[in-house]
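*Asks:* The structure under discussion is supplied below as structure tokens; questions concerning it will follow.
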């Protein structure tokens with residue numbers, strides 16, 4: 001992480017110093033946590049063909065143990081999926097259909113996040129929390145910052161900060177006080193028709209209880225079937241390899 | 001196979017719509033993280049384009065027969081189409097979170113019409129069609145046949161021709177041929193309209209046809225429907241199904 005007052009002073013001199021410092025403090029608090037877990041809700045806006053904006057939602061839980069373990073569950077009545085990274089491989093479980101797939105991954109969580117997206121098209125929401133340097137990650141393309149002062153989010157008094165980039169705008173609500181926890185996060189896809197937004201609401205944080213090793217180890221549920229994982233460039237008919245009989249514990 | 005361009009059933013307007021999709025809406029990935037948005041937009045695999053109302057064309061055959069040439073009267077079934085249908089054709093499979101497609105599918109009319117269900121009346125705006133001399137009724141991807149005191153939702157009959165794609169139809173390609181898939185039914189654009197065809201081999205779809213059943217062949221899981229096998233895999237973090245010959 002860049003040293004405060006050095007790199008920061010050079011890179012963000014035309015921005016609201018107080019707002020940047022609030023974000024830096026929250027990111028540093030997060031980066032220094034060897035492990036953490038969150039319980040959150042995510043919302044995505046979608047524009048229908050006749051211009052109606054609708055919101056779809058998921059509940060999610062995420063557990064991270066730095067530097068190389070990760071587990072998240074993303075679910076709704078329509079869909080239930082789990083993602084595990086154990087330092088070696090990424091496993092995706094479609095709980096609704098009881099299908100899973102695994103692929104080998106780099107040993108570094110940052111690289112896994114990028115490889116999951118670039119190679120397999122996997123969007124891991126709120127994954128900015130899990131990167132090794134959340135502040136540099138967040139500020140990478142920021143062009144402007146505004147501090148809107150204090151505002152409530154999920155019952156917590158928070159700093160409301162708004163950032164603008166060329167590709168997106170984003171806002172963050174950071175809990176006021178000794179624990180600068182992120183409580184709300186909004187991405188506005190301002191260059192898309194209708195400017196649809198992604199919203200994350202973090203109801204619970206766990207930074208004190210160590211996460212059990214078993215949480216990061218994927219164990220196929222009863223009857224789960226392994227299927228191939230297709231890369232983003234896959235466009236040929238699949239060969240039926242990699243599929244196996246249902247597995248029973 | 002992936003659809004490389006937003007395709008329309010053989011009309012110049014289709015090319016225009018496609019071009020608008022590429023030019024008017026510079027595509028970006030809609031990821032649920034700053035990192036995803038900052039890193040993912042350069043790896044877009046296609047243009048994002050949600051067609052807006054009015055962009056969808058009708059089949060020329062149906063346009064040409066909207067008015068009876070001898071009398072100037074409107075054809076009965078065309079008059080029933082006065083109420084505009086919700087029209088929604090999926091764009092190409094671009095980079096985004098496909099998990100929410102499950103929610104979107106629930107918003108389409110056909111997702112609420114289980115095959116075999118009985119209805120006392122037809123939905124307003126239905127279209128009567130004949131396949132092999134048998135009467136059917138069509139509305140937004142759902143097909144019905146008459147019964148003694150009402151109508152029953154049925155499997156879309158191969159050979160049925162409808163004037164426009166059902167809402168939510170997703171383009172899928174096999175070789176050089178583009179099909180559209182909605183509610184478990186494949187449509188092939190033809191000069192007379194959109195024709196219901198058997199599932200083609202080598203296409204990947206986001207959901208199984210209703211009634212597909214799991215089978216194991218040489219240790220591999222497939223889903224069988226009307227003699228066609230769908231092989232599951234995980235792509236973009238969600239389950240997809242490819243028609244294969246096991």
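*Asks:* Using the Cα atoms as the points, what is the convex hull volume per residue of chain A in Å³? Present the calculation step by step, with values, prior to reporting the outcome.
*Replies:* Working: hull volume 38.7 nm³, N = 249.
Spread over its residues, the Cα hull of chain A gives 155 Å³ apiece.
*Asks:* In cubic angstrom, how much convex hull volume per residue do the alpha carbon atoms of segment B:98-182 span?
*Replies:* Details: hull volume 9.4 nm³, N = 85.
Enclosed volume per residue, from the Cα hull, is 110 Å³.
*Asks:* Here is a follow-up. Arrange B:121, B:239, B:155 by Cβ neighbour counts within 10 Å, fewest through most, would you? Kindly include the intermediate steps, with their values, before the conclusion.
*Replies:* Numbers: B:121 8, B:239 23, B:155 17.
Exposure proxy ranking, most exposed first: B:121, B:155, B:239.
*Asks:* What are the semi-axes of the equivalent ellipsoid of segment A:23-80, taken as the square roots of 5 times the eigenvalues of the Cα gyration tensor, listed largest first and rounded to whole Å? Mind showing how you got there, number by number?
*Replies:* Values: eigenvalues 186, 51, 13 Å².
Square roots of five times the eigenvalues give 30, 16, 8 Å.
*Asks:* If I model a spin label at residue B:224 and residue A:54 as a point 7 Å from the Cα along the Cα→Cβ vector, what separation in nanometres do I get?
*Replies:* So the two model labels end up 3.5 nm from each other.
*Asks:* Among DSSP beta bridges whose residues both lie in chain A, state the antiparallel percentage, nearest 5.
*Replies:* Working: 72 of 74 bridges.
Of all bridge pairs located within chain A, approximately 95 percent are antiparallel.
*Asks:* Which distance in Å, rounded to a whole number, links the C-alpha centroids of segment A:101-120 and segment B:141-182?
*Replies:* Going from one Cα centre to the other spans 39 Å.
*Asks:* Another question, then. In percent, what relative contact order does chain A have, based on Cα pairs under 8 Å that are 6 or more apart in sequence? Please list the in-between numbers first.
*Replies:* Details: 496 pairs, mean separation 51.4, N = 249.
Reported as a whole number, the value is 21 percent.
*Asks:* Using Cβ contacts closer than 10 Å as the measure, can you line up B:127, A:161 from fewest to most?
*Replies:* Working: B:127 19, A:161 22.
Least crowded to most crowded, the residues run B:127, A:161.
*Asks:* Is there a simple number for the mean count of other chain Cβ atoms within 10 Å of the Cβ of residues in A:209-218, and what is it?
*Replies:* For this peptide, the per-residue mean of nearby foreign Cβ atoms is 0.
*Asks:* If I fit a long axis through the Cα atoms of helix A:109-120 and take the longest principal axis of the Cα atoms of chain A, what angle between them do I get, 0 to 90°, rounded to 10?
*Replies:* Compared with the principal axis, the helix lies near 60 degrees.
*Asks:* Okay, next question. Among A:159, B:112, what is the fewest-to-most ranking by other Cβ atoms within 10 Å?
*Replies:* Values: A:159 23, B:112 10.
Ascending number of Cβ neighbours within 10 Å: B:112, A:159.
Every number here is computed from the coordinates shown, using simple stated rules; none is lab data. Small disclaimer: the values here were computed from a predicted structure and weren't measured. A quick note on method: Cβ atoms are made from the backbone with ideal geometry, for glycine too, and the neighbour counts reach across all protein chains shown.
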